[in-house]
Amino acid sequence: MMELKQQQTSQGTGRGATWLALLTGDARPAHDWPAVRVCDAPLAGQPARYIAVVPDPDNRFPRARAGEVGLVEGWQLARAVQEVVELDRHAAVKRPIVAVIDVPSQAYGRREEVFGIHQALAGAAGAYAEARLAGHPVLGLIVGLAMSGAFLAHGYQANRLIALDDPGVQVHAMGKASAARVTLRSVEALEQLAASVPPMAYDISNFASLGILWKLLRLTDPDRPGEGDIGQVRDALHAALADVLEDRERDLAGRLNGAHRQASRRVRALLQAQWEVAD
């Protein structure tokens, strides 16, 4: 545990940094970037690339100091993924990419908007999608927050998404305070609404009902995991990798099978029918 604390001190704090260190051991970072940590380490006996966004209190962009995905982080995520795609372009076996996810938001700021944060985050999302379509098994491990455009840029494009079943794990378009302001409600009223409208809820079990997650893991202590917790996560990643390798499809159509995706399935069916008629 002392070794883990030392790794957290040198690599940032938070669950993203914790789990990246646990899964990659003593692997040296592939880059010296302070907020986007990239390590190459084995997964199920083969080389893999692990990527996490961690807090950077000295970030020159103040809005990106608490683990948010900002301008620089978006482009660095894209580069980290594209490097692997290029290295394996002619390889018969494509190495897996594991996105360790604990991101509170994209960076909200005037400078970010002016300099095109939408392009940076789109570049990251596009790189993950390119890797998936090129045959790289892309796995997302949600260990903390997966919020807003940050999650879209880092992890949402994964073939398989695994999440820890814990109150500290949340997936949503925006934080509760922001959502309350946008909808002209109090946080309390928003929570009451979420109780009857699953997509509005913040707890991970409601998100799981949408069919986007491949597996939920209940650990003893996600913040201070023991060997049993670490082994459970490793086993889940190995199983997810095997599942991807057995699946011939590289798209995300399987996510439409969730209990609360009836409307999505119906809309897609109607659009497909209209498209076929027009054709």
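The values are calculated or read from the model by the stated rules, or taken from the named source; none is laboratory data. On a predicted model such as this, the values are computed, not experimentally measured, just so you know. Cβ placement follows ideal geometry from the backbone for every residue including glycine, while neighbour counts extend to all protein chains displayed. Side chains included, ligands, DNA and RNA excluded: accessible areas come from the protein's heavy atoms. Shrake-Rupley method; radii C 1.70, N 1.55, O 1.52, S 1.80 Å.
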Can you grab the distance from the C-alpha centre of region 19-51 to the C-alpha centre of region 87-127, Å, no decimals?
-> 16 Å
Step through the residues of region 52-62 one at a time and calculate ³J(HN,Hα) from phi using the Karplus curve (6.51 cos²θ - 1.76 cosθ + 1.60, θ = phi - 60°), rounding each to whole Hz and writing x for Gly and Pro.
-> 9, 9, 10, x, 9, x, 9, 4, 5, 9, x
Considering only Ala173, Ala99, Ala52, give the residue with the highest GNM mean-square fluctuation for the chain, with springs between Cα atoms whenever their separation is below 10 Å.
-> Ala173
Correct choice for mean projected area of the Cα convex hull in nm² that was computed from the model, options [x] 16.7; [y] 14.4; [z] 15.6 = [x]
Residue-wise HN-Hα coupling along region 120-136, computed from phi with Karplus coefficients 6.51, -1.76, 1.60 (Hz; x: Gly, Pro) = 5, 5, 5, x, 5, 4, x, 5, 4, 5, 4, 5, 4, 5, 7, x, 6
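Take every DSSP beta bridge with both residues inside region 1-153 and express the antiparallel ones as a percent of the total, to the nearest 5. Before the final figure, lay out the partial values.
Numbers: 9 of 20 bridges.
That works out to approximately 45 percent antiparallel.
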Extending each Cα 7 Å along its Cβ direction at Ala173 and Ala195, get the distance between those two points in nm, one decimal.
-> 2.3 nm
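For a quick check of your reading of the filter: which GluC sites (Glu not before Pro) in region 78-116 sit in a DSSP loop and have no more than 13 other Cβ atoms within 10 Å? Mind showing how you got there, number by number?
Details: sites: Glu83, Glu86, Glu112, Glu113; in loops: none.
Here no loop site has a sparse enough neighbourhood.
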Taking square-rooted eigenvalues a ≥ b ≥ c of the alpha carbon gyration tensor, is region 149-279 rounded, prolate or oblate, where a/c under 1.5 means rounded and, failing that, a/b exceeding b/c means prolate?
-> oblate
Calculate the tail of P(r) for region 112-220: the fraction of all Cα-Cα distances greater than 19 Å, expressed in %.
-> 51 percent
Pick from Leu77, Leu133, Leu184: which residue has the top mean-square fluctuation in a GNM of the chain where Cα pairs under 10 Å get a spring?
-> Leu184
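Relative contact order of the chain, please, whole-number percent, based on alpha carbon pairs below 8 angstrom and at least 6 residues apart.
Reported relative contact order: 14 percent.
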Once the piece of chain linking Asp165 and Thr183 is laid out straight, how much longer is it, given 0.36 nm per residue of separation minus the C-alpha distance between them?
-> 3.7 nm
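Could you work out the relative contact order of region 139-220? I mean the mean sequence separation of Cα pairs under 8 Å and 6+ apart, divided by the number of residues, in percent. Could you put the intermediate results ahead of the total?
Values: 114 pairs, mean separation 27.9, N = 82.
Relative contact order for region 139-220 comes out at 34 percent.
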Computed helical MRE - 222 nm, the chain, DSSP H runs ≥ 4 contributing -39500 (n - 2.57), nearest 500 | -13500 deg cm²/dmol
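So for region 189-235, averaging the separation of alpha carbon pairs under 8 Å that are six or more residues apart and normalising by length, what relative contact order in percent results?
Values: 24 pairs, mean separation 8.7, N = 47.
Relative contact order, region 189-235: 18 percent.
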With r as the distance between the Cβ atoms of Ser205 and Arg250 and R0 = 25 Å, compute the FRET efficiency 1/(1 + (r/R0)^6) and round to 0.05.
-> 0.35
What are the residues whose amide H is under 5 Å from the amide H of Gln106, where those residues sit 5 or more places off or on another chain and H is modelled from the backbone?
-> Val69, Gly149, Ala150
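Write down the percent of antiparallel bridges among all DSSP beta bridges whose residues are both part of the chain, to the nearest 5. Intermediate results must be reported in sequence, preceding the final value.
Values: 10 of 31 bridges.
DSSP beta bridges in the chain are roughly 30 percent antiparallel.
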Modelled label-to-label distance, Tyr108 and Ala30, 7 Å Cα→beta-carbon offset: nm?
-> 3.2 nm
Label-zone membership for region 18-37, site Leu87, 7 angstrom Cα→C-beta point, backbone N under 14 Å | 27-32
Hz values of 3J(HN,Hα) by residue in region 34-45 - Karplus curve (6.51, -1.76, 1.60), Gly and Pro given as x | x, 9, 9, 9, 10, 9, 9, 8, x, 9, 6, x
GNM result for the chain, Cα springs below 10 Å: residue of Arg248, Arg65, Arg89 fluctuating most strongly = Arg248
Share of the chain's accessible area from carbon and sulfur, percent, 1.4 Å?
-> 53 percent
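Report the extension gain between Ala278 and His238 in nm, rounded to one decimal, defined as 0.36 nm multiplied by the number of residues separating them, less their alpha carbon distance.
Details: separation 40, 0.36 × 40 = 14.40 nm, distance 4.41 nm.
My answer for the length gained is 10.0 nm.
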